[in-house]
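The values are calculated or read from the model by the stated rules, or taken from the named source; none is laboratory data. None of these values were measured; they are calculated from a predicted model. Methodologically, a virtual Cβ is constructed for each residue, glycine included, from the backbone with ideal geometry; neighbour enumeration extends over all protein chains shown.
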Amino acid sequence: MAPVIRGTRILHDGWSRFLVAEVTMPDGTRLAREIEDHGRAVAVLPYDPVRGMALLVEQFRPAALYAASTESLLEVPAGLLDEADPEEGARREAYEEVGVRLGALERITCGWSMPGISTEQVDLFLAPYGADDRSGPGGGLESEHETITVHEIGLDTLGAMSDRGEITDIKTLLLVYALRLRRPDLFAGV
């Protein structure tokens with residue numbers, strides 16, 4: 001017999017939904033487990049293969065401030081998936097956050113961000129761009145109070161930062177590593 005969720009109780013229903021699941025384990029043990037019901041998300045690493053650059057964002061993160069007194073993180077453009085197609089969501093987030101229009105996307109995976117507590121799955125992409133593709137201001141949506149700072153960083157610098165443990169956002173680190181594995185020629189100076 002597999003574990004069975006017998007019921008759930010909602011504790012909070014807002015941007016995220018928090019609930020407690022009543023679970024019966026295969027041996028009959030009954031447990032209560034908290035779940036953060038977040039839904040699907042997308043993340044994309046836009047990189048310019050000609051100039052050897054990548055676009056990242058920096059913004060205030062209250063959870064990082066609470067847990068580690070860290071006000072902001074360097075991250076790839078990312079957000080909740082509002083569309084049916086994850087590629088459309090990744091393109092939307094890239095335009096809103098860093099002002100770049102993306103064409104072809106290279107899918108890396110759809111992975112669980114925190115399977116022990118959250119329902120969130122993140123579709124991860126790499127996406128080449130050129131200087132002419134930067135057509136918007138970026139910075140996020142004012143209506144969502146994102147206040148994003150856009151950073152265009154050299155891929156050699158980004159690779160060195162990942163080697164030194166300075167990229168602490170896991171989705172960003174995974175996408176940097178994926179690009180390094182698939183396009184090592186772009187990181188020749190690291």
- Message: Just the residues that are surrounded by fewer than 16 Cβ atoms within 10 Å (Cβ to Cβ) and modelled with pLDDT of 95 or more, please, taken from the range 119-135.
- Response: 130
- Item | Pairs with Cβ under 9 Å, 6+ apart, first in the range 103-127 and within 14 Å of residue 48 (Cα to Cα), second hydroxyl-bearing (Ser, Thr, Tyr) and at pLDDT 95 or above | 103/129; 126/47; 127/47
- May I ask you to verify whether residue 50 is of a type outside the set (S, T, N, Q), touching a Phe, Trp or Tyr at 6+ places or on another chain (Cβ under 7 Å) and under 30 Å from residue 184 (Cβ atoms)? no
- Message: On the basis of being over 30 Å from residue 34 (Cα atoms), touching a helix residue (DSSP H, G or I) at 6+ places or on another chain (Cβ under 9 Å) and not basic (Lys, Arg), does residue 111 make the cut?
- Response: no
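Okay, residues lined up against (1) under 18 Å from residue 116 (Cα atoms); (2) in contact (Cβ under 8 Å) with a residue 24 or more places away in the chain; (3) exposed (fewer than 12 other Cβ atoms within 10 Å of the Cβ); (4) of a type outside the set (Asp, Glu):
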site: 17; (1), (2), (3), (4): yes, no, no, yes
site: 28; (1), (2), (3), (4): no, no, yes, yes
site: 36; (1), (2), (3), (4): yes, yes, no, no
site: 43; (1), (2), (3), (4): no, yes, no, yes
site: 46; (1), (2), (3), (4): no, yes, no, yes
site: 65; (1), (2), (3), (4): no, no, no, yes
site: 78; (1), (2), (3), (4): no, yes, no, yes
site: 86; (1), (2), (3), (4): no, yes, no, yes
site: 94; (1), (2), (3), (4): no, yes, no, yes
- Note on the structure: Matching residues in the range 155-190 (charged (D, E, K, R), part of a helix (DSSP H, G or I) and closer than 15 Å to residue 73 by Cα) number 1
- Task: May I ask you to say which residue of 147, 168, 157, 119 is closer than 30 Å to residue 8 by Cβ and out of contact with any helix residue (DSSP H, G or I) (no Cβ under 7 Å at 6 or more places or on another chain)?
- Result: 119
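Yes/no matrix, rows are residues, columns are (1) farther than 18 Å from residue 146 by Cβ; (2) in contact with a strand residue (DSSP E or B) (Cβ under 6 Å, 6 or more places away or on another chain); (3) of a type in the set (Val, Ile, Thr):
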position	(1), (2), (3)
55	no, yes, no
80	no, yes, no
84	yes, no, no
95	no, no, no
103	yes, no, no
117	yes, yes, yes
- Query: For residues in the range 61-78 being at pLDDT 95 or above and assigned to a strand (DSSP E or B), which is farthest from the chain's Cα centre (by Cα)?
  - Reply: 74
- Query: Just one of the numbered conditions (1) touching a Lys or Arg at 6+ places or on another chain (Cβ under 9 Å); (2) surrounded by 12 or more Cβ atoms within 10 Å (Cβ to Cβ) is not true of residue 146; which one?
  - Reply: (1)
- Mind listing whichever residues of the range 32-45 are part of a strand (DSSP E or B) and touching an Asp or Glu at 6+ places or on another chain (Cβ under 8 Å)? 32, 36, 40, 41, 42, 43, 44
- Task: Identify the single condition in (1) assigned by TED's automatic domain parsing to the domain that holds residue 154; (2) more than 24 Å from residue 168 (Cβ to Cβ); (3) among the acidic types (Asp, Glu) that residue 22 does not satisfy, given that it satisfies every other one.
- Result: (1)
- Query: Taking residue 58 and the conditions (1) in a strand (DSSP E or B); (2) more than 25 Å from residue 156 (Cα to Cα), which numbered condition does it fall short on, given that it satisfies the others?
  - Reply: (2)
